[in-house]
Each structure stands twice: as C-alpha cells, then as structure tokens.
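Read the figures in this text as sums done on the coordinates, not as results from a lab. Predicted model only: the values in this text are computed from it and were never measured. When we count neighbours, we look across all protein chains shown, and the Cβ atoms used for this are built from the backbone with ideal geometry, even at glycine.
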Amino acid sequence: MKICSTIAEARAACLDARAGRRRLGLVPTMGALHEGHLSLVRAAEAQCDAVAVSIFVNPTQFGPAEDLSKYPRQFERDCRLLEKEGVDILFAPPVEEIYPDGLVTWVLVESLSEKLDGRSRPGHFRGVTTIVAKLFHIIEPEAAFFGQKDAAQLAVIRRMVRDLNFPVEIVACPIVREPDGLAMSSRNAYLNREERSRALVLQRSLQKARQQFHDGEKSAAKLISAAKEVFASEPQVVLDYFEMVDPDTLDPVERISRRTLVAVAAHVGSTRLIDNLVLNP
Ligand code: AMP
C-alpha cells in the first residue's frame, strides 16, 4: 500500500493506479476504522481494479463546540487494517495540505445542507461537500463509496455530483451493525458501559416505526409519535430529531407511499449518534 501525505504524491499514485483505463475506487473516511469502513473498502475492491482510501479528520465539518480535538485517531492500526484488505493507496494528508492559509472557496449544496444533521450542525455539510469535492479532484476516482449510515450526507453528495457534473459514480453501502443492532461508528468509542446500552434506543425507535408501518400505519406523524414514545424509556438520551423524509430531497413526507428514509439522531451523554432505515412500501 502506497501511503501519500501530499496532494502531489497522491495525484501521481492515482495516475499510476488508473493507467490502462483501470477503474479506481475511492473510500473517504476520517479514520478510527471499523467494520463499517471496511465494508466500503470491500465493496470498492469488488467493483474496481484499484482502491484508494483517504483518512482525514476534516476540521471544516466540525462546529466550534464539537469533538474535533478528541475525535479518535489510530493511524497505525488503520494502516494495518487497510494493508490487510489489499488497499492500493492511502491518502492521509495533514490539515495544512488540504487547507493552506486563506482558503475562501467552498462547495455548498443549498437547502439540503440545512436539513436533518445540517439543521443541528450548521456548516457541517458545507465542510463535507468541500472536502469531498477536493478529494474527487485530487484522486479522480471513477467510483466513490459511502455508507448508508450517513444517509443525509449521501443525499447531499449525490446532489453535488449531479449539480456540478462530477464524473464519479456514487455507490451506497448498507449500514454495518454490532451484533445487538447498534450502528457501528467511530464515535461509539466515546460511550461508557451505561451509555453503550442506552444507545440501543435509537435502533429500538426505528424498529418500532418499521413494525407499525408493516402493521398498516402509513401516516408519518403517527409513526414518528410512536417512535418518539420509545425514547421515554431512556430519559437520559436526548432526542435531536426523528424524521421521515424523501431520501433524495430530505423533505418531510406525510404518508409513506414510496421509498422513505426514517432518520434519527440523539445525544447519549455528550456523544451524538445517528441511525436510519428505509421503508419500502
Ligand atoms: P467517517 O469515518 O465516519 O467519516 O465515515 C466514513 C464512511 O464510512 C462514510 O461514508 C460513512 O457513511 C461510512 N460508515 C461509517 N459507519 C458505517 C457503518 N456502520 N456502516 C456502513 N458505513 C459506515
């Protein structure tokens, strides 16, 4: 695996990897890798001839009161995991390489960026789309792999790719969960034992909505209110949002008559967790 820390090195390595019209896949991450990330790497390996992974804890997608400084960093362990998966290129630049002094250009997907996590985390998606656009320009992948776990992020990135004509196929990969159903996340490492068990309420609320939907309830308001009741069993978990939206526009739906994204975010102690599922009538 070629490890690149500068844009010039990464460009040269990716040019080599794409030689002879080989298809290059990109998996963007913030490191502290778990099976969720590795599932994206495996999907990329299966669909591409060469795979590049990026590890970059992107400061512009963190708000001033968020966990940028304490975000888990485990570079050596991540390298070993990626090496074992047969990854060709690892791009892990320092912050100054990506954001030299005086950056004033941003990529902003209007409207979508203010929905779901964008409402609770102002500026978050502007940071995400800016770093992903930069990575697409540096790596020039034919395909890029993202987790359905971050469903709003996926919608925002798909829209950016469509609106700005990036020649990149966006591939969505299913959510990887712990055996008890908790969605894997680098932030799960923040949870103590009690919080870890309380965190299951996100999954329980989604299951409740799914079950009532399968029992015939099609009103989003009723499904949301049933799901919110589940949070009463965990008063220490503070709900941020529980919404039913169109998976592409992120606009709320009233009745579930086509594919609908059911998304939840909540604070478990000081850790903000998200989860979701898709209802398919
Ligand atoms: P992150 O390092 O948290 O920025 O995540 C990098 C990529 O991994 C994103 O596309 C995430 O959606 C994806 N990802 C994170 N957790 C999971 C998971 N549990 N299952 C599937 N994909 C995931």
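For the reader, a short list of remarks on this structure follows.
- Which of Gly123, Val168, His214, positive extreme of dipole for the chain (C-beta unit charges): His214
- In degrees, nearest ten, helix 35-47 long axis to first principal axis of the chain (Cα): 60 degrees
- Two-site label geometry, His267 and Ser111: point separation in nm, points 7 Å out along Cα→Cβ: 3.1 nm
- Within the shell of other residues whose beta carbon sits under 15 angstrom from the beta carbon of Ala19, the net charge comes to +1, with Lys and Arg scored +1 and Asp and Glu -1.
- Once the Cα atoms are used to define both axes, helix 7-18 deviates from the longest principal axis of the chain by about 90 degrees.
- Put a plus charge on the Cβ of each Lys and Arg, a minus charge on the Cβ of each Asp and Glu, and nothing anywhere else: the dipole of the chain about its Cα centre is then about 440 debye.
- Residues of type lysines that Lys222 reaches as a straight line, Cα spacing below 26 Å, ignoring anything fewer than 8 places off in the same chain: Lys115, Lys149, Lys208
- Exposure proxy ranking, count of Cβ atoms within 10 Å, fewest first, for Glu243, Glu85, Glu254: Glu254, Glu85, Glu243
- Each of His214, His124 was scored by other Cβ atoms within 10 Å of its Cβ. Listed from fewest to most, they are His214, His124.
- Rounded to 5, the percent of DSSP beta bridges in the chain classed as antiparallel: 50 percent
- Normalised by residue count, region 186-275 yields a Cα convex hull volume of 92 Å³ per residue.
- Value of Rg/Rh across the chain [Cα atoms, Kirkwood radius]: 0.97
- Loop-resident sites, region 1-67, for trypsin sites (Lys or Arg not before Pro), counting at most 16 other Cβ within 10 Å (DSSP): Arg21, Arg22, Arg23
- Lysines whose Cα lies under 18 Å from that of Lys2, excluding same-chain neighbours fewer than 8 positions away: Lys84
- Cβ-defined net charge surrounding Asp246, 9 Å radius [Lys, Arg +1; Asp, Glu -1]: 0
- Between Arg258 and Glu96, the C-beta separation translates, for a Förster distance of 45 Å, into a calculated FRET efficiency of about 0.45.
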